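Heads up, the thing below is written out as structure tokens.
What follows is calculated from the coordinates using simple rules that are stated; it is not laboratory data. Just so we're clear, the structure is a prediction, and the values are computed from it rather than from any experiment. Counting neighbours? That spans all protein chains shown, and the Cβs are built from the backbone with ideal geometry, glycine included.
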Amino acid sequence: MPKLIIGCGYVGHRLARFWAKKGEKVFVTSRSQLRANAFEEQGFGTCVFDVTNTEQVTLPEVESIVFAVGFDRSADKSLEDVYVNGLRNVLNITPSTARKFIYLSSTGVYGQTDGEWIDEESPCKPNRPGGKACLEAERLLQLHPTIRSRTIVLRLAGIYGPERLPHVAKLRSSEPLQVAADSYLNLIHVDDVVQVIVAADQHVNSPTMLCVSDGQPVIRRDFYLHLTELLGVPAPTFEPPPLRSNQAARAQGNKRIRNERLMSNLQIKLRFPSYREGLAAFSQNL
């Protein structure tokens, strides 16, 4: 039976292409008819709707659903509208044929600040709105009377890859970065995210929740220094983020994400076991 990807953005589009190459029938969703037309030209089935309004929406009969909805800051919607109420709306119309419901969450549900190692058993202390919304969505899934037994929650670390690297423009122009330079950055390459989703979908007895990172946290200062070396620009400089800003809230978090359960349960080998391999793979196109 087909697969359905709710939200066909940076991760979802790559996942759709991967499954299609393997001969799977894939449906994707979009809020835009124009984008849906483009997806149809690529051979995907499409469903045009916004997760915040699913009235009169009928989803196709599929065996797997991946909820990969991102937050569009330009839309007039709140994080709770999209991540929590949007998920609730989708659950209300989920076909009974779906044997797997894979929810892409975030390691932002952990707000620890002292650099400690974090795993699936660590307490959740989100300090930013996005992490709080993801945790609320996870709880919604855990309480659902029918979907909870078919759900896998993947808590993703920072996703990077081609056309998605933080602060490249500022590094090129030698602008100071408003980040906590001596805190940890947890990463996962987008191609490995796709690999994890595919493995979780195939795995018969996968855990209900996994932390998804490369398991090689790096101090931000070291990451950006390495990135400037690849860019061939001066070494980065840093300054404290403005008080009460989104950057300041992000800077409060300082943790290291373990991936032992991910690796042992799904039996995968990451294509990019650290940021060094990941950046090297597309360094010519930075």
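In sequence order, region 81-90 has phi-based couplings of 4, 7, 6, 9, 5, x, 5, 4, 4, 5 Hz under the Karplus curve 6.51 cos²θ - 1.76 cosθ + 1.60, θ = phi - 60°, and Gly or Pro positions carry x.
Please arrange Asp81, Asp192 by how many other C-beta atoms lie within 10 Å of their C-beta, fewest to most. Don't skip to the answer; put the middle values down first.
Details: Asp81 18, Asp192 23.
In order of increasing Cβ crowding within 10 Å: Asp81, Asp192.
Once backbone amide H atoms are built at 1.01 Å from N, Leu185 has Val218, Ile219, Arg220 as its partners under 5 Å, excluding neighbours fewer than 5 places away on the same chain.
How do the peptides 82-90, 107-115 rank, highest first, by the average count of neighbouring beta carbon atoms within 10 Å per residue?
Working: 82-90: 21.8, 107-115: 18.8.
In decreasing order of mean packing, 82-90, 107-115 become 82-90, 107-115.
Protection proxy ranking for 27-35, 151-159, using the average of other Cβ atoms within 10 Å per residue and placing the highest first: 151-159, 27-35.
Antiparallel versus total DSSP beta bridges in region 1-116: what percent is that, nearest 5?
Values: 1 of 16 bridges.
Looking only at bridges with both residues in region 1-116, the antiparallel portion is about 5 percent.
Partners of Lys77 within straight-line reach, counting aspartates and glutamates whose Cα lies under 20 Å from its Cα and excluding those fewer than 8 residues away in the same chain: Asp50, Glu55, Glu136, Glu138. In the chain, a dipole from Cβ-located charges (positive for Lys and Arg, negative for Asp and Glu) runs towards its positive end, and of Pro234, Gln33, Cys47 it is Cys47 whose Cα lies farthest in that direction. The C-alpha atoms of the chain define a longest principal axis, and helix 10-21 lies at about 50 degrees to it.
Between the Cα long axis of helix 190-202 and the first principal axis of the chain there is an angle of about 40°, rounded to the nearest 10. Along region 123-131 the Karplus relation, 6.51 cos²θ - 1.76 cosθ + 1.60 evaluated at θ = phi - 60°, assigns HN-Hα couplings of x, 8, 9, x, 10, 10, x, x, x Hz to successive residues, with x for each Gly and Pro.
Counting only DSSP beta bridges with both residues in the chain, tell me the antiparallel percent, nearest 5.
Details: 4 of 36 bridges.
Here the antiparallel bridges make up roughly 10 percent for the chain.
Filter Lys100/Lys132; Lys25/Lys269; Lys21/Lys125; Lys22/Lys269 down to the pairs with a C-alpha to C-alpha distance above 30 Å, please. As for pairs spanning more than 30 Å Cα to Cα, those are Lys21/Lys125. Here's how it looks for Val66: its modeled amide H is under 5 Å from those of Leu4, Ile5, Ile6, Ile102, which are all 5 or more places away or on a different chain.
Counting only DSSP H runs of at least 4 residues, each contributing -39500 (n - 2.57), and dividing by the residue count of the chain, the helix-based mean residue ellipticity at 222 nm comes to -9500 deg cm²/dmol.
Which ³J(HN,Hα) values, rounded to whole Hz and listed in residue order, are derived for region 100-112 from phi using the Karplus coefficients 6.51, -1.76 and 1.60 in 6.51 cos²θ - 1.76 cosθ + 1.60 with θ = phi - 60°, glycine and proline given as x? 3J(HN,Hα) across region 100-112, in whole Hz: 9, 10, 9, 9, 8, 9, 8, 6, x, 5, 9, x, 4. Proximity of backbone amide H atoms, modeled 1.01 Å from N, is registered between Val212 and Arg155, Leu156, Ala157 at under 5 Å, excluding neighbours fewer than 5 places apart on the same chain. Seen against the Cα atoms of the chain and their longest principal axis, helix 220-231 is set at about 90 degrees.
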